[in-house]
Amino acid sequence: MSADPGPVARWVPVTTLLLSLAGLGVSGYLTFTHYAGTRFLACSATGLVECGVVTTSPQSSVLDIPVAVLGLVDFGVLGALMTPAAWRSAHSWVHGARLALVTVSMAMVLWLVAAELLIIGHICVWCTAVHVITFALFAIVMVFRPLRHPAAVPDAPTR
């Protein structure tokens, strides 16, 4: 265990946890509609915004795993890493895992936005909500890391 990484502003853990829960909710809804059918999608079906086209496109799966399911898992883990206890953790791996996962999540969002705009030619409002939530989490985690970076303090050996 390393030294206390230092406090972050009180609103940071609360906000990031709420954003993670919102992402979990939207991803849960998209996972439900993936398996139950697009008829349950509350979304426009004309013009640029066509959720059904986006959520059933070949880009809606990675290695045969629906992107919605990946989002569900991602936000579940992020939720655990965004709790106030996790933000206060003296374990450097917690802060490193939070930073790594939110960075990978943001990279995935950039790919998905590019796929929507350049390959599919349509966007999904629900997917956009996930993208905005992910970007907000990414921005907050990048700006409001613990005051003393925990990676700078090596973990003490355990006995």
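Cα-based Rg of the chain per 2.2 N^0.38 Å, rounded to two decimals?
Working: Rg = 17.7 Å, N = 159, 2.2 N^0.38 = 15.1 Å.
So the Cα radius of gyration is 1.17 times the expected 2.2 N^0.38 Å.
As a ratio to 2.2 N^0.38 Å, the alpha-carbon radius of gyration computed for the stretch 73-128 takes the value 1.44.
Which of H131, H91, H122 has the fewest other C-beta atoms within 10 Å, and how do the rest follow up to the most?
Numbers: H131 21, H91 14, H122 18.
With the fewest neighbours first, H131, H91, H122 line up as H91, H122, H131.
Treating each Cα of the stretch 28-84 as an identical point scatterer and summing with the Debye formula, the log10 of I(q)/I(0) at q = 0.15, 0.26 Å⁻¹ comes to -0.50, -1.03.
In this calculation the C-beta distance from A45 to M142 is compared with R0 = 41 Å, giving a FRET efficiency of 0.70. Dividing the helix sum by the residues of the chain, where each DSSP H run of 4 or more adds -39500 (n - 2.57), gives a mean residue ellipticity at 222 nm of -19500 deg cm²/dmol.
Only the coordinates and a few stated rules stand behind these numbers; no lab work does. The model shown is predicted, which means the values in this text are computed figures rather than measured ones. Positions of Cβ are generated from backbone atoms using ideal geometry, with glycine treated the same way; all protein chains shown enter the neighbour counts.
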